[in-house]
Amino acid sequence: MESAAKCRSPATLLLLLLLAHLLPSMATSHVEMESVYVGQRVLPVRLGRPAFGPESLAFDHRGNGPYTGVSNGRVLRWRGPLRGWTEFAHNHKHETVAACAAKKRLVVPESACGRPLGLQFHRQSGDLYYADAYLGLMRVGRRGGQAEAVATEAGGAPLNFVNGVDVDQDTGHVYFTDSSATFQRSDYLTIVLTGDATGRLLRYDPATGVAAVLASGLSFPNGVAVSADGTHLVLAETARCRLLRHWLSGPRAGTTEHFADLPGYPDNVRLSDAGGDNGYYWVGLNRDKSWMAEGTTPRSVAAVRVRAADGGVVEALRGLGNATVSEVVERPGGALWIGSVDTPYVGLFKAGGLSSSGRRSL
C-alpha cells in the first residue's frame, strides 16, 4: 500500500516516545512464520474526498461490496470501477447537523459526525451492523439509508468506544467490543500507554434488543470473530499483542482464555471462508512490535494468518510501507481486500490462493 505518513502532533509524538520507553519488552518478535511481500502489487481502490480510513470491510449476502465505514461518519459501498464508491448508510447527525451534511466537504472532528469502525452483515435479514465509535452499535436495512442505534449501553454502563463487530449467521447474535470505559477513540494511544483495562466484550440479541456483557477487564479489546462452528469467539486484545478465545458453549462456556501471541498490535479479526479446523483467521496489525525501535521497514509485519485449530501464526504480509492495516478479508479465489484506518483507499491484493501445503501461490 502507498505511504500514509502524516505529520504527528507533539502530544502524539510524546505518547509514542513514552510508550517505547515503558514497553521495552515489546520491541522485538521471535515468531517464525512464512512471509509474503506484497509491496506494489496492492491496488489502491481510492475513496472520494474528504473520506478516508476504510477501517473494516464487509460483503453482503450476494457477495457485493466491499462496504466500509469512513472518517466522515458514513458507510460506503464499492460499485465497481465504473460507478466507484457510493453512499450506503449514514446516521441521524448527517440530517440534523449542518457540518455533517452530504454536500459539506469540510473535514470535521470525527466525534461530530460519528466514526464507523467494524461492520458485518447478517445475511438472512440483510441487515448491516456496524460499530460507531461514538454513537454505539448501529443497524441499517439491506437497502441502506439512515442507520439506527440499537445499543448505546450494556450492563447498566454506557458504551464509550465501540469498535469491532461480527455476526453469528445462525443465531443472528451480534458480537462487538467496547474498547475502553475511560478513553474514547480519539485517545486510543492513551489506552495502551496507561495500561487501561476497562474494555468489554458484548453480545446484542436482536430478538430482545438487549446488549449483554460477556467479558470485562480487557485491555483494548478490538476486533472479534465468530468461529466456524459457533462455539467460541476469537478476540483481539490490542494492548497485549494477543488473541483471546471466549467460549460460547460447551463445558468452558463463559470463560476466556489465551489463544495466540502476535508479532504486533492487532486490530480486526476475520475468519477465512475455509472454515472448520482447516480454516484460519486474518488479523490486521496496526504496527508490528519492532516499529518502536526500528520504524517501518520492508520487513515490517502488516497482517498475519492464524490457524483456527490452535492459534499458530503461520503467515505474515509484509512490504506495505508506512500504512497501518486494520483488516484483511480473503475472498473466494484468494483475493485479499485490505482496510486501513489511515489511508484514502482500500487495498486489493489479487493473490493466487493457497496450495495444499498452506503456502500462498503468487
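The values are calculated or read from the model by the stated rules, or taken from the named source; none is laboratory data. Fair warning: this is a prediction, and the values are worked out from it, not measured in the lab. We place every Cβ from the backbone using ideal geometry, glycine too, and count neighbours over all the protein chains shown.
Quick notes on this structure:
- Verdict on Thr86 being surrounded by fewer than 14 Cβ atoms within 10 Å (Cβ to Cβ) and of a type in the set (S, T, N, Q): yes
- When restricted to residues that are assigned to a loop (DSSP other than H, G, I, E, B), among the small types (Gly, Ala, Ser) and either buried (at least 17 other Cβ atoms within 10 Å of the Cβ) or within 20 Å of the chain's Cα centre (by Cα) (or both), segment 199-221 contains 1.
- Restricting segment 324-347 to residues that are surrounded by fewer than 19 Cβ atoms within 10 Å (Cβ to Cβ) and under 16 Å from Ala58 (Cβ atoms) leaves a set whose member that is modelled with the lowest pLDDT is Pro332.
- Entry remark, segment 300-323: residues being surrounded by fewer than 18 Cβ atoms within 10 Å (Cβ to Cβ) and free of Cβ contacts under 8 Å to residues at least 60 places away in the same chain number 4 in total.
- Residues in segment 126-164 that are free of Cβ contacts under 8 Å to residues at least 60 places away in the same chain, surrounded by 15 or more Cβ atoms within 10 Å (Cβ to Cβ) and polar (S, T, N, Q): Asn160 only.
- Every residue from segment 222-250 that is in contact with a Leu (Cβ under 9 Å, 6 or more places away or on another chain), more than 18 Å from Gly118 (Cα to Cα) and part of a loop (DSSP other than H, G, I, E, B): Ala228, Gly230, Thr231, Cys241, Leu248
- Of all residues in segment 61-80, those satisfying the criterion of being part of a loop (DSSP other than H, G, I, E, B) and either loosely packed, with under 13 Cβ neighbours inside 10 Å or not aliphatic (A, V, I, L, M) (or both) are His61, Arg62, Gly63, Asn64, Gly65, Pro66, Ser71, Asn72, Gly73, Arg74, Arg79, Gly80.
- Matching strands (runs of 3 or more DSSP E) fully within segment 81-169 where at least 2 residues are under 28 Å from Thr343 (Cβ atoms), small (Gly, Ala, Ser) and at pLDDT 95 or above: none
- Pair list, Cβ < 7 Å and 6+ apart or interchain, from segment 172-188 residues that are free of Cβ contacts under 8 Å to residues at least 24 places away in the same chain to residues that are surrounded by fewer than 19 Cβ atoms within 10 Å (Cβ to Cβ): Phe183/Thr190
- Of the residues Ala5, Ala51, the single one that is modelled with pLDDT under 50, in a loop (DSSP other than H, G, I, E, B) and either in contact with a strand residue (DSSP E or B) (Cβ under 9 Å, 6 or more places away or on another chain) or closer than 23 Å to Pro344 by Cβ (or both) is Ala5.
- Among the candidates Asp168, Asp178, the residue that is surrounded by fewer than 20 Cβ atoms within 10 Å (Cβ to Cβ) and acidic (Asp, Glu) is uniquely Asp168.
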